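Here is the structure we will look at.
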Amino acid sequence: MLSNVPEQFNLLFLSTPVGPLGSGLGGGVELTLQNIATALTNQGHQVTIVAPDGSSVSSQAHHSNLSVIGIPGTLQQTAQHQGRAEPSQIPNNAVLENMWDYARQVQHDYHLLVNFAYDWLPFYLTTWLDRPVAHLISMGSLTDAMDTIIQKTNDRFPGTLAVHTHTQAATFANSDRWQCLGNGLDLSLYTFQPHSGESLAWVGRIAPEKGLEDAIAAIHKLNIPLHIFGKIEDIAYWQRIQNAYPDAPIHYRGFLPTEDLQAALGKCRGLVMTPKWIEAFGNVAIEALACGVPVIAYRRGGPAEIVQHGTTGWLVESDNVDGLAEAIAQLDGLDRHACRQQAEDQYSLAAMGDRVINWLTDVWISHHELRL
């Protein structure tokens, strides 16, 4: 190992270009970025975040002395709404382009750049930057263009790619040596609630790939209230659901900051997760567990690696609404203390910080060895 590895890294994080931090448009990437930044600053490293204009960090991240640099420009279309054969596109005056042009200008002030954007441009630019770029891939394989540039980056800069789960990694070719980082939370922000009310919860962006209609169909069968939390990303989709289930006992609670979300979520009997695509991880699952709330999830994507079937939740075969209803009926047999214990054992902020900094150290070492 090189003897001159920095004791404290100075890192530049580049956020998702689909929405400002705090808007909810970036989904789980927003929480992941802020949690990693907080974990690393707690270890003594310096983190600066570049994000679209209008971004704000949570109060906990703010106390970690994180600097957020807002960049103007047109927001990027989300990748999950593109077809597999569609080319990568960039709008006029794109915030993505502007963020990475800023990074190019200031790169020598930092040891590493860390990319949180699932987009073609940052991977392409890796070759042309002097500082090493580490890429945390936030989604599974979605388009041919992204698959190609990700693989080229892996071939040219091995070790610089990381994912959240093995299930996510398996959607790509030749991903067996990518770093699998999992995720983590500041558990002090989540209050364990040993008792619950009758209602269930569903948390996420309201868009077709999240499968909200399956959760509503299941609770409609049982006549159990469902509280829905999250940003309405697809208004037409939300309207179709409401029209399809006009009498379902659903209550839309909006997009809430962590403090308010965990307080409301903790009062629920269970969290229902119904993804129609491969979720890279599923931050809401560990948020629920941290509150003592068991999780019912389709056996698809990241949640299938999180939920301990029969202990901290139930895994249901994908797209099986009857199976969801059956699992909901068995929620009361699960121990809420076991849910909190799993969160503490596997998903602490400190443990995640250790995994991330070990990965970034390897990226830094590899970059400098290549230059010797």
* Note the full-extension length gain between GLN105 and GLN239 as 0.36 nm times their separation in residues minus their Cα-Cα distance, in nm to one decimal. => 43.8 nm
* Report ASP155's accessible area, 1.4 Å probe, all protein chains in place, as a number in Å² to the nearest 10. => 120 Å²
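At 1.4 Å probe size, with every protein chain present, just tell me what the per residue accessible area of the chain comes to in Å².
41 Å²
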* Ignoring ligands, DNA and RNA, what percent of the accessible area of the chain is carbon or sulfur (1.4 Å)? -> 48 percent
* Structure fact -> Phi-derived 3J(HN,Hα) across segment 12-27 with the Karplus relation (6.51, -1.76, 1.60, θ = phi - 60°), rounded Hz, x for Gly and Pro, is 10, 8, 10, 6, 5, x, 8, x, x, 4, x, 8, x, 5, x, x
* To do: Rank these by accessible area, largest first, 1.4 Å probe: GLU233, GLU279, GLU369.
  => GLU369, GLU233, GLU279
* Structure fact -> Rounded to 0.05, the calculated FRET efficiency for the beta carbons of ASN65 and ASP260 at R₀ = 30 Å is 0.80
* Is segment 302-349 rounded, prolate or oblate when judged by the Cα gyration tensor, a ≥ b ≥ c being the square roots of its eigenvalues, rounded requiring a/c under 1.5 and prolate requiring a/b larger than b/c? -> oblate
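Report the FRET efficiency, 1/(1 + (r/R0)^6), for ARG253 and SER188, where r is their Cβ-Cβ distance and R0 is 22 Å, rounded to 0.05.
FRET efficiency, ARG253 to SER188: 0.40.
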* To do: Could you count how many Lys pairs in the chain have their Cα atoms under 21 Å apart, skipping same-chain pairs fewer than 8 positions apart?
  => 6
* Asked: Could you sort TRP277, TRP202 by accessible area so the largest value comes first, with the probe set to 1.4 Å?
  -> TRP277, TRP202
* Structure fact -> Checked segment 76-179 against the a/c 1.5 cut and the a/b vs b/c comparison, axes a ≥ b ≥ c from its Cα gyration tensor; verdict oblate
* Residues with amide H under 5 Å of CYS180's amide H, sequence separation 5 or more or different chain, H placed in the peptide plane at 1.01 Å from N; which? -> VAL163
* Using every pair of alpha-carbon atoms in the chain, split the distances into 10 Å bins beginning at 0 and state the percent of pairs per bin, rounded to integers. => 5, 24, 34, 24, 10, 2, 0
* Asked: Helix hunt in the chain: which complete DSSP H runs extend at least 15 Å axially by C-alpha with mean Kyte-Doolittle at least -1.0?
  -> 28-42, 95-106, 212-222, 349-371
* **Interchain or long-range residues, amide H under 5 Å from ILE71's placed H** => ALA51, ASP53
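The values are calculated or read from the model by the stated rules, or taken from the named source; none is laboratory data. Fair warning: this is a prediction, and the values are worked out from it, not measured in the lab. Virtual Cβ from ideal backbone geometry, glycine too; neighbours counted across all protein chains shown. Quick note on the areas: whole protein, heavy atoms, side chains included, nothing else; ligands and nucleic acids left out. Shrake-Rupley method; radii C 1.70, N 1.55, O 1.52, S 1.80 Å.
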